[in-house]
Amino acid sequence: MLVNCVVYQDGKKVADIAQGEIHDYLAKPGSFVWVALRDATDGEIDEMRRQFDLHDLSVEDARHGHQRPKIEEYGDELFTVLHVVEPVGEELHVGEVSIFTGPNYVLSIRNRTEQSFLGVRARCEREPDLLRHGSGYVLYALMDAVVDRYFPVLDAIETELEAIEARIFANTAPRANIEALYYVKQKVTTLKHATGPLMDSVGKLYGGRVPQVCHGMGEYFRDVYDHLVRLNQSLDSLRDTVATAIQVNLALITISETEVTKRLAAWAALLAVPTFIASLYGMNFANMPELKWEYGYFMALAMMAIFDVYLWYRFRKSGWL
């Protein structure tokens, strides 16, 4: 579906144009065309390929989707794939944005995502001095918007992890805590898959040899790169914290099981003493001296009580009971 098709000149919007007029405006010097599509059909992609003369390999990637975040250069054309990570309930939904950038055009195609880039277009139009940089600045603005949207997702994951950590030390539902921690780890991995490959690609857009469309925009792309470095460092730290929390939870489970074992052993010892004495005097040998004693029964009961009280005191003092 076509969202916008606008031509700009000298940093200002000229007009909304029809798809069939794109090629005519591309021939005009000093102007560039910015087209935005959503969930584009094969027919729409083919039309854009004809209008912008896009490379066949980049068109094939955009058509099939489900690409790894990347930036590829085909002559004067720069093909960028970004992952859009957005929370849907308790899940993380991953969409995709394909951006074709040339000397005088920008074509963005977003798939499987509800987040639009109308705010990015409005921001660019409010900054005509920067928009004069042309398609390179639009590419930066789109990338910056996508990367900035990762931070609220990261904050939500950190908040979720803090809540799970509080439940761990409250000794509540250890199995449920482990499941929740693995769920958080899955979210961290999802966000890492979106930011890790992109950081390597953005590093090629400033310093040294950069694509033609990015000339003069080095400091802007370096800013995006810095944001990605912060994100990846936070995700690495968060992943380590999740792993540590899982180990702590397992250790607490082991400690709890050890405490139960100690209590069972203590009660078994308390029961073993009277059992031993009773079994000893239950052998019914005819020549056992105590069997004929008038106070033998009471002595046996007293021995059971004395030994059990002593053992109970020692176990209680050592924390086994």
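The values are calculated or read from the model by the stated rules, or taken from the named source; none is laboratory data. Given the structure is predicted, the values throughout are model-derived calculations rather than measurements. Please note: Cβ atoms are built from the backbone with ideal geometry, for glycine as well, and neighbour counts cover all protein chains shown. The accessibility values were calculated without ligands, DNA or RNA, using every heavy atom of the protein model including side chains. Shrake-Rupley method; radii C 1.70, N 1.55, O 1.52, S 1.80 Å.
Only lysine pairs 8 or more places apart or on separate chains count here, and in the chain those with Cα atoms under 26 Å apart total 8. Dipole orientation for region 1-98: of the candidates V85, F32, Q9, Q9 has the Cα lying most toward the positive pole (charges on Cβ; Lys, Arg +1; Asp, Glu -1). Placing +1 on each Lys and Arg Cβ and -1 on each Asp and Glu Cβ, with no other charges, gives region 159-277 a dipole about its Cα centre of roughly 200 debye. Placing unit charges on the Cβ atoms of the charged side chains and taking the dipole of the chain about its Cα centre, the candidate lying farthest along the positive direction among A251, F221, Q19 is A251.
Annotation: amide H of D53 has no partner in the under-5 Å range at sequence separation 5 or more or interchain, hydrogens built in the peptide plane.
Quick one: compute the contact order of the chain, relative version, from alpha carbon pairs under 8 angstrom and 6+ residues apart, as a percent. Relative contact order for the chain comes out at 14 percent.
Sparse packing (at most 11 other Cβ atoms within 10 Å of the Cβ) combined with a DSSP loop state is found for the following GluC sites (Glu not before Pro) in region 29-111: E90.
If I compute solvent accessible area with a 1.4 Å probe over the protein chains, what percent of it on region 99-180 is carbon and sulfur?
Result for region 99-180: 54 percent of the exposed heavy-atom area is carbon or sulfur.
For region 170-212, the Cβ-based charge dipole about the Cα centre amounts to some 60 debye (Lys, Arg positive; Asp, Glu negative; other atoms uncharged).
The gain in end-to-end length when the R63 to D240 segment is fully stretched comes to 60.0 nm, 0.36 nm per residue minus the alpha carbon separation. Summing +1 for each Lys or Arg and -1 for each Asp or Glu among the other residues whose beta-carbon sits under 12 angstrom from that of D236 gives +2. Helix screen, the chain: DSSP H segments with Cα axial length of 27 Å or more and mean Kyte-Doolittle hydropathy at least -0.5 are 150-169, 174-202, 218-280, 296-318.
Simple rule: put +1 on each Lys or Arg Cβ and -1 on each Asp or Glu Cβ in the chain, find the dipole, and look at Q233, F307, I157; the Cα lying farthest toward the positive end is F307. For region 7-83, chymotrypsin sites (Phe, Trp or Tyr not before Pro) meeting the loop criterion (DSSP other than H, G, I, E, B) and having at most 14 other Cβ atoms within 10 Å: none.
Distance from the alpha carbon centroid of region 149-173 to that of region 25-46 works out to 43 angstrom.
In region 37-92, the portion of solvent-accessible area held by carbon and sulfur atoms comes to 42 percent [1.4 Å probe, whole percent, DNA, RNA and ligands not counted]. On average over all directions, what projected area in square nanometres does region 86-177 have, based on the convex hull of its Cα atoms? Result: a mean projected hull area of 7.7 nm².
In a reduced charge model with +1 at each Lys and Arg Cβ and -1 at each Asp and Glu Cβ, the chain shows a dipole moment near 1360 debye about its Cα centre.
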